[in-house]
Amino acid sequence: MKRYYPQGMDPARFDQAVKELQQVVGEEWVFMDADTELQPYLDRMSAKPIDYRVPSIAVAAASVEEIQAVLTIARAYSLPLWSTGNGRNFAYGGPAVMQSGYVHLDLKRMNRIIEVNEDLAYAVVEPGVSYYQLYQHIQEKGYKLWIDCAAPGWGGLIGNAHEHGAGYTPYGDHFTFQNGTEVVLSDGSVVRTGPWAMNGSKTPHIVKYGYGPYLDGMFTQGNFGIITKAGFWLMPEPPAYKPFLFTYERDEDLHQIMEILRPLKINQVIPNSPLVEHGRYTCCVQANREDYWTERTPVPEPVWQQMYKDFDVGAWNVYGALYGTDETIAITWPMVKQALLSIPGARAFEQGDRPDNDVSWNYREKLMRGEPNMSEFAMVNWGGGGHLNFTPLTPSSGAHATTSYENMAKIFEKYGFDYLTEFVAAGRAQIHMLILAFDPRDEDERQRADACSREIILEAARLGFGELKANLEYMDLVAGTYNNMDNGLAKLNQKLKDILDPAGILSPGKSGIWPSGWPEDQKGNPQGNGD
Amino acid sequence: MVRPRLIFRAWLTGAMLLIASGSGAGEARKLEGAERTWAFYCEGCHAAGIEEHPGTLRLSYTRSPELAAIRGRQDLTPEYLRQIVRMGYLEMVGFRKTEISDDELEALIKFIRLPVPTQAQGEK
């Protein structure tokens, strides 16, 4: 594989920078061989070829002090650093750098669980800590606390929360339950936010807002600093937990499902965010596609219907849970059940009603009480490894959900992909999750997936449904859809970027935010320069 | 009911004692570490149980149900496992040295290739 260098950098000068970086982290923690060591830093699941975004090197810092020393070198040599923590985020680019030639700053070695406070129910972790790791730690210690994890349990707390990720317990809006950020700025200075900024503070991770502007949000999905620690609230294990599933027979039931869920969710009768999952999604995580359809064309409707029958699922499947005590659940469960069964053909399932080998029930039941697993990642198998996710945000209403569902269906059909989708009924708004599964080994599929992606983003924006996240390839495109007030938001981000990172070394291009000093031809040029 | 993991731990302790008496306690510690590596990075996709584990599900189709779970498979050579873990393959991603170090990978490979305990063995 070709070796890349940071944009515009002379190889000899770069080699000198590498030597200095090796002195900081040790030679064994600077990875340079693109054919071996750098392979796991590539994204093999997006619509672009695997060698589309290749770092020049990867540097694995183990402490705040090492990050500060790396920043000193990066400023001196103008090295663009692309930092990742746990390094997952597949479907959005994985650990890949924005442009070939960037230096990947890998923080996985910073994997300490700094504190778990059982009484006040929070944890403080470094960027490399995964859900599996924190879960196991809590189990070993015997704390009566739940974590809230992403569906693939190998994800990281800091990365997921700061990428606006969601989970499945009542603490599912991960950034809402984040409390206190430690961040290293481009100039090497270290900042702690909110009450954590006070010497001797007794409340660094239990009060989100201290004195002055609330700045934590500024470090999500951005490139204004490198997060090195963060606190997260954990849910005390409730005395009672009641997962449920409702199934529905018809596509058009979506409208009524959403109308029923809105008041139940906004009024917190249902404490977590119910998943309104299309049957195609429910089936794709538990079947080999080829067992049902060996063509590369979309699976025909009669075949899907057969799968719904085989797995005993509906066209729509609503997974949720109640939490509290037996007494409180005895009050709310009849309300929930009556409301969600009011649609003709609806069926209700409780714990014990599903077969022991029901994959979807089993993994969702675990996720809704914070037990990490990887079952849902099976959707990656569906297309052949490739998958891109989209997250249009729509108001919680039957009409908006139906509009989004139907308009996106047309785009998937146009480009010839299975329409795998679900709604996360988060309250006032719902996340319309779209999974575009394809075979990345097939050039035609990759190209169609790329065109399909762009159309999804633009159509969602036309409807007023902004994306919550974006793959590296579409960051500029999505940023461009948040453009009112004469691009007011982008201009503010630019001002912040120029002030906080004047050297333009932190994750250039993240969320469409580039250093203003960079020549235009160096922005959005993933292939960079190499030999 | 005895949980499978507890059964496995009991078996592993036995296996480690055997190894400790032969090639040293260091090896035993490495295998214990390998169990952790397996739990954090592999088990979620590759544990036995075709339905719930994406890797096992996929291999049940591309290979066979008998070869779907990778633990205990002697046909997976160390060279092959080394390559797949680092480089990824089809639906599987590669793992960085910051996640699984070279030493941890070697221990993991030994662990994967160890014969899988049956429930009966575990209860002895």
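Nothing in this text is a laboratory measurement; each read-out follows from the coordinates by a stated rule. Bear in mind the structure is a predicted one, so any value in this text is a computation, not a measurement. Glycine also receives a Cβ, built like all others from the backbone with ideal geometry; neighbour counts cover every protein chain displayed.
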Local electrostatic count, A:LYS141, Cβ distance below 12 Å [Lys/Arg +1, Asp/Glu -1]: -2
Expected unfolding gain across A:ARG428-A:GLU118 under the 0.36 nm per residue rule, minus the alpha-carbon gap, is 108.5 nm
Relative contact order of chain A: what whole-number percent is it, with Cα pairs under 8 angstrom and at least 6 residues apart? 18 percent
Which entries of A:LYS309/A:LYS337; A:LYS309/A:LYS366; A:LYS265/A:LYS469; A:LYS2/A:LYS410 show an alpha-carbon separation above 32 angstrom in the structure shown? A:LYS2/A:LYS410
What's the FRET efficiency of A:GLU295 with A:ASN199 using the Cβ-Cβ distance as r and R₀ = 60 Å, to the nearest 0.05? 0.35
Rounded to the nearest Å, what's the spacing between the alpha carbon centres of segment A:1-33 and segment A:467-500? Just the number, please. 30 Å
Could you pull out every residue, at least 5 positions away or on a different chain, whose amide H is within less than 5 Å of the one on A:ASN373? Hs are placed 1.01 Å off N in the peptide plane, and Pro or chain starts have none. A:GLY153
What's the FRET efficiency of A:MET335 with A:GLU371 using the Cβ-Cβ distance as r and R₀ = 35 Å, to the nearest 0.05? 0.85
Place a point 7 Å from the Cα of A:GLN16 along the Cα-to-Cβ direction; which residues of segment A:51-76 have their backbone N under 19 Å from it? A:57, A:70-76
Please enumerate, by chain and number, the lysines with C-alpha under 18 Å from the C-alpha of A:LYS495, excluding those fewer than 8 residues away in the same chain. A:LYS510, A:LYS523
Using the Karplus curve 6.51 cos²θ - 1.76 cosθ + 1.60 with θ = phi - 60°, what ³J(HN,Hα) values do you get for each residue of segment A:171-184, in whole Hz, with x for Gly and Pro? 9, x, 7, 4, 6, 4, 9, 8, 8, x, 10, 9, 9, 9
Cα-based reach from B:LYS110 at 19 Å (exclusive), listing lysines while leaving out same-chain residues under 8 positions away: B:LYS30, B:LYS97
Contact order normalised by residue count of segment A:269-353, Cα under 8 Å, 6+ apart, percent: 40 percent
Work out the FRET efficiency for B:GLU79 and A:GLU327 from their Cβ-Cβ distance, taking R0 = 56 Å, and round it to the nearest 0.05. 0.40
Fewest first, what order do A:SER46, A:SER273, B:SER64 take by the number of other Cβ atoms within 10 Å? B:SER64, A:SER273, A:SER46
For a footprinting-style exposure proxy, rank A:LYS19, A:LYS366 by other Cβ within 10 Å, fewest first. A:LYS19, A:LYS366
The simple spin-label model distance between A:HIS137 and A:MET1, using points 7 Å out along Cα→Cβ, in nm, is 3.1 nm
Determine, for B:MET87, A:MET368, A:MET307, the number of other Cβ atoms within 10 Å of each Cβ, and report the residues in order from fewest to most. B:MET87, A:MET307, A:MET368
Two decimals is fine: what is log10 I(q)/I(0) at q = 0.12 Å⁻¹ for chain A, from a Debye sum with one equal scatterer on every Cα and no solvent? -1.18
List the aspartates and glutamates whose Cα lies under 17 Å from the Cα of A:LYS48, skipping any in the same chain that are fewer than 8 positions away. A:ASP439, A:ASP442, A:GLU443, A:ASP444, A:GLU445, A:ASP450, A:GLU455, A:GLU473, A:ASP476, B:GLU91
